[in-house]
Amino acid sequence: MDWFKEFWQMLSGLQIPDLLLSAVAFVILDMFAIAVIFAAGRESQLCQKRWLKVSAGLELRRRDEEDKIHRYSLEADEILLGRHASADIRIMDAAVSRYHAVMTVSQGVWSITDLDSRSGVYVNDKKVHQKKLAPGDCIRLGSTRLFLVKKPQTAEQQKG
């Protein structure tokens, strides 16, 4: 409670102009904080729009044995596909290597590169070492098929 007594003595020693100046400074600092938060949110939206252009708004989809569809967002310049726990897209298929393939994007065009896997990488049923991808392509790693498709746009993305 000693700190409270000291604080109260300090406050009671202040003159009205000092209190008013402190209150004004507090309000100004709050306005700056709100402006920074608003600017950060705006920058985040702009970055997301830029990334949609770079990534061409695509995603990978896979249908499992129970007919459930799995969606994988392509939200990095480089996506590692494989069986290992550190893979960006983990595929639990015995025929898939731990580090099977990598997908990269450049100027809105995705490519896939085989990382010397045992069973290879197939795009539209043709074995490839490296291949540019297009929406609708079917990528096969082991017995797993992944489809490169356009992401459905949200209402907010359609407005922007």
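The values are calculated or read from the model by the stated rules, or taken from the named source; none is laboratory data. Only a predicted model underlies this, so the values are computations on that prediction, with no experimental measurement involved. Methodologically, a virtual Cβ is constructed for each residue, glycine included, from the backbone with ideal geometry; neighbour enumeration extends over all protein chains shown. Please note that ligands, DNA and RNA were not included when accessible areas were found on the heavy atoms of the full protein model with its side chains. Shrake-Rupley method; radii C 1.70, N 1.55, O 1.52, S 1.80 Å.
Residues in segment 110-144 that are under 23 Å from the mean Cα position of the chain (by Cα) and acidic (D, E): 1 in all. Would segment 18-28 turn up any residue that is at negative phi, small (G, A, S), open to solvent by 60 Å² or more (accessible area, probe 1.4 Å) and at pLDDT 75 or above? Checking segment 18-28: at least one residue is at negative phi, small (G, A, S), open to solvent by 60 Å² or more (accessible area, probe 1.4 Å) and at pLDDT 75 or above. Which one is farthest from G108 (Cα to Cα) among residues in segment 133-149 that are free of Cβ contacts under 8 Å to residues at least 40 places away in the same chain and among the charged types (D, E, K, R)? Checking each candidate, the answer is R140. If only residues of segment 63-87 that are closer than 22 Å to K127 by Cα, among the charged types (D, E, K, R) and modelled with pLDDT of 90 or more are counted, the one that is nearest to the chain's Cα centre (by Cα) is E78. Of the residues making up segment 92-148, those that are surrounded by 13 or more Cβ atoms within 10 Å (Cβ to Cβ) and among the acidic types (D, E) are D93, D114, D137.
Restricting the first member to segment 103-118 and to residues that are assigned to a loop (DSSP other than H, G, I, E, B), and the second to residues that are open to solvent by 20 Å² or more (accessible area, probe 1.4 Å) and not aromatic (F, W, Y), the beta-carbon pairs closer than 8 Å and six or more apart or on different chains are Q107/V54; G108/K53; G108/V54; G108/A56; L115/V102; R118/A95.
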